[in-house]
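Take a look at the structure set out below.
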Amino acid sequence: MRDDGPPLAGWHDRFFLRDRNDHFRLYPGVQLAFDLQSWFGPGVNGDARTAGGAGLPPRFVMRRGRIEMGGELLSRWSFAAQLDINIRGVEGAEGLAPGDAVGPNPNATLGNIYVDYALCDCLHFSFGQVRSPLSLENRTSDPVLVTTERTIATRGLIAPGERETGIMAWGDLFDELVTYELMVGGGDGNNRPQVDGSFDFLGRIVLRPFQSVDLLEKLQIGVSARHGSRDQYGVGYDAYAITTGQGLVLWAPTYTDSLDRTIHVIPSGAQNQIGGELRVPLGPVDVRGELHYVANGTREAVDTFQLTRTNAERLGLVSGIGALGSITWWALGDAHVTGDPGVERPPTINFKKKPDLKKGLALTAFFSTIAADYDANQRGGEDDANTPGSDGNPQTSLDVLQLGFDASYWHTRHVRLALDYSAFLTPGAETDGGLTRVPGNFGDAGSASSRAVHELNSRLQLWF
């Protein structure tokens, strides 16, 4: 049978294989990110923690080694599957204490893995594990981020679980004037099967009101929200730690009480949040901002008793705001090489459009902050002398501020050379300070007045 269409195999902004009738298409791909990471600041050194050091030497890290396979089937069906090899995900911080760094221990985890059915552009159904429809930054795929990692507000408070497993209905309305994403999910996060009978309800709606104005056609305003609950007798895993982009733990969901027992902070009860986002691209400049309020119930349990009948020492609450903002200037070459943020869609190819092979240098200044509190018995229970919020340990603050800069050269959206710097500022460990800690607070020469740690990351990133 003669085929006058595109080739049966090749590359058109991505690799593809298809049959002659174009009923089936496959899109194999790979993502690679190779980093040189380093820390500096008070208390930072490369000596092992067992020798009294911080255990933070400069290191080479294969930050991402991802194999992808996507496809389109019979016009309406599509799928995507990602396998990360030898990379620890955000859940890798479990079991670590403040001052520890997540290590690149060998493992294999799943990224996005879903099947999508399209009734029309206005209504799709995605079944599987997808990025939670929360936050512009969380819904931006890894190769499109303006920073090398998602900022601390997104990973520490707004969407620490990164992905959810469930069913998501989504679509574009009125020529993409409105985009909606509504999901019913398990609520337990990336690569974690649902362990109780409670579902989370998540949603994000984005409005682009100035599509007819050339200068402002990409301006968008969005809102996202989440409501769910965690069963006290079904959920026994720890809450997410607050970690930097390179995996340094600033707050861990465990501590030692006055009886020398390990206490775990566990999600329990209502989990609620709401937030807004704004993107304003003006010529070669792209301004983004987000603000979210989070209120997540917790309980504390003694180690090995997390799922017993008497499994709650006290009931608490993590509450506060996460905010982030950035301004990117495409200083040389083409602008907006990476495409639009906050858009994750099933893989496809438009053979009528030539591959976009723009190249450009992007300079980004950004900030991200968590202004939250952890009150361990806000909802009931008896204090231990070491309980956060007690008379013996009045600190409840989880405050941290990230200030940073990124310089990235994009040789098309498929190759990136980046240099990324971040300073993480915390209240320190003073009596009236907070629970977040930096390396300068630890060790024999530790100081309660140490407030900062700095990270420098260089990256070679490939995406084909």
Here is a list of conditions, (1) in contact with a helix residue (DSSP H, G or I) (Cβ under 6 Å, 6 or more places away or on another chain); (2) on the phi > 0 side of the Ramachandran plot, and residue 389 meets all of them except one; can you say which number that is?
(1)
Filter result for residue 65 (closer than 22 Å to residue 191 by Cα, surrounded by fewer than 15 Cβ atoms within 10 Å (Cβ to Cβ) and either at pLDDT 95 or above or not charged (D, E, K, R) (or both)):
no
Return only the number of the condition from (1) touching an Asp or Glu at 6+ places or on another chain (Cβ under 6 Å); (2) of a type outside the set (Lys, Arg); (3) in a loop (DSSP other than H, G, I, E, B); (4) in contact (Cβ under 8 Å) with a residue 40 or more places away in the chain that residue 337 does not satisfy.
(1)
Which of the residues belonging to region 229-247 are among the hydroxyl-bearing types (Ser, Thr, Tyr) and either at positive phi or outside any strand (DSSP E or B) (or both)?
233, 237, 240, 244
Number of positions in region 186-207 that are over 17 Å from the mean Cα position of the chain (by Cα) and not aliphatic (A, V, I, L, M):
9
Top-ranked residue in region 20-59 [being free of Cβ contacts under 8 Å to residues at least 60 places away in the same chain and among the acidic types (Asp, Glu); ranked as farthest from residue 419 (Cα to Cα)]:
22
Among the numbered criteria (1) out of contact with any strand residue (DSSP E or B) (no Cβ under 7 Å at 6 or more places or on another chain); (2) assigned to a strand (DSSP E or B), which one does residue 150 miss?
(2)
Of (1) of a type outside the set (Ser, Thr, Tyr); (2) free of Cβ contacts under 8 Å to residues at least 40 places away in the same chain; (3) under 30 Å from residue 441 (Cα atoms), residue 67 satisfies all except one. Which?
(3)
Could you tell me whether residue 17 is surrounded by fewer than 17 Cβ atoms within 10 Å (Cβ to Cβ), over 27 Å from the mean Cα position of the chain (by Cα), free of Cβ contacts under 8 Å to residues at least 12 places away in the same chain and under 20 Å from residue 114 (Cα atoms)?
yes
Single unsatisfied condition, residue 286 versus (1) surrounded by fewer than 21 Cβ atoms within 10 Å (Cβ to Cβ); (2) under 30 Å from residue 221 (Cβ atoms):
(1)
Evaluate region 54-62: report whether one residue or more is more than 18 Å from residue 149 (Cα to Cα), in contact with a strand residue (DSSP E or B) (Cβ under 8 Å, 6 or more places away or on another chain) and not in a loop (DSSP other than H, G, I, E, B).
no
Within region 278-297, is even one residue in contact with a His (Cβ under 6 Å, 6 or more places away or on another chain) and either within 25 Å of residue 398 (Cβ to Cβ) or at pLDDT 95 or above (or both)?
no
Would you be able to say whether some residue in region 3-11 is among the acidic types (Asp, Glu) and farther than 30 Å from residue 247 by Cβ?
yes
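The values are calculated or read from the model by the stated rules, or taken from the named source; none is laboratory data. None of the values given here were measured: they were computed from a predicted structure. Glycine gets a Cβ as well: all are built from the backbone with ideal geometry, and neighbour counts include every protein chain shown.
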